[in-house]
């Protein structure tokens, strides 16, 4: 694991380390959700040892939110969420995009202590920077195997600071950052009254989707993509960059 990401995770364990669980959790026990035995296992398992599939049961079953007990439970689990996410062992049966959706209910940027907000921000920064370095390609087609859009949707649905995330991306090193910009441009839709990043997970986050879409099509990013094209020799990466330039030109 990259050192920046490891440091952010350890910081989260320190910042959120004072939170504890009770004897049970506020979670749903209907036939589609967590069983009582899974709840017992989750409560008694040491935080750093909780497996992704067990924490996913909490993700899937924690429907309600309040600023009291539920907020404390969420903050207790949050460092382990970060650790599993960083390991790409996602604690959600759906995947990465919305596995921190309960954090999105918390309005944490306005309600939680500054140190906690900053810890979350630093994790998102580090996770993005790690994702931008991944240039392994999908076995079919000309796309990165890791879709950076998943990180964008994760941050948006978690209530994160999307402007900060885009600023971090803008400051990241090329050609890798430009390659992921070019690849994600394929998912930008332009309609009569709006330009936006398309994702089914962003349908209820229209402003954020428009912010990301407009950012991706900036002319200065097109110039970065063009420069990156001449900085790489792999024809598959060049194709991604070329497609990204065509997308911006319509």
Checklist entry - Roughly speaking, what is the stretch gain from residue 32 to residue 140, that is 0.36 nm per residue apart minus the C-alpha to C-alpha distance, in nm to one decimal? => result 35.4 nm
Checklist outcome for this item: To the nearest 10 degrees, the tilt of helix 162-171 (Cα long axis) against the first principal axis of the alpha carbons of the chain is 50 degrees
Item to check | 0 to 90° range, to nearest 10: angle between helix 69-86 axis and the chain longest Cα axis | outcome: 40 degrees
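What is region 23-100 by shape, rounded, prolate or oblate, if you read a ≥ b ≥ c off the alpha carbon gyration tensor as root eigenvalues and call it rounded for a/c under 1.5, prolate for a/b larger than b/c, and oblate otherwise?
Note, shape of region 23-100 comes out rounded.
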Checklist outcome for this item: Taking Cα atoms, the helix 176-185 axis meets the longest principal axis of the chain at an angle in degrees (rounded to 10) of 90 degrees
Checklist outcome for this item: Out of 138, 182, 126, a Gaussian network model of the chain with alpha-carbon springs under 10 Å gives the largest mean-square fluctuation to 138
Checklist outcome for this item: With R₀ set to 35 angstrom, the calculated FRET efficiency between the beta-carbons of residue 118 and residue 53, to the nearest 0.05, is 0.70
Checklist entry - Under the definition of Cα pairs under 8 Å and six or more residues apart, what whole-number percent is the relative contact order of region 47-108? => result 47 percent
Next on the checklist: Of the candidates 113, 144, 175, which one comes out as most mobile in a Gaussian network treatment of the chain with C-alpha springs shorter than 10 Å?
Outcome noted: 113
Item to check | Additional length obtainable on full extension of the chain from residue 167 to residue 109, 0.36 nm per residue less Cα span | outcome: 19.1 nm
Next on the checklist: Can you tell me the length gained on complete extension of the stretch residue 193 to residue 218, counting 0.36 nm per residue apart and subtracting the Cα distance?
Outcome noted: 7.3 nm
Next on the checklist: Give me the percent relative contact order of region 54-177, please, defined on Cα pairs under 8 angstrom at least 6 residues apart.
Outcome noted: 27 percent
Item to check | Anisotropy class of region 1-131 from Cα gyration tensor, a/c 1.5 cut | outcome: prolate
Next on the checklist: Once you keep just the Cα pairs under 8 angstrom separated by 6 or more residues, what percentage relative contact order results for the chain?
Outcome noted: 16 percent
Item to check | Gap separating the Cα centres of region 80-95 and region 8-37, nearest whole Å | outcome: 14 Å
Next on the checklist: Among 143, 72, 192, which one shows the highest mean-square fluctuation when the chain is modelled as a Gaussian network with alpha-carbon springs under 10 Å?
Outcome noted: 192
Checklist outcome for this item: Quick note, region 115-198: a/c under 1.5 would make it rounded; otherwise a/b > b/c is prolate and the rest oblate (a ≥ b ≥ c, C-alpha gyration tensor); here it is oblate
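A short reminder: the numbers here are calculations on the coordinates, not readings from a lab. Keep in mind that what you see is a predicted model, and the values were worked out from it rather than measured. Neighbour counts are summed over all protein chains in view; Cβ atoms, including those assigned to glycine, are modelled from backbone coordinates with ideal geometry.
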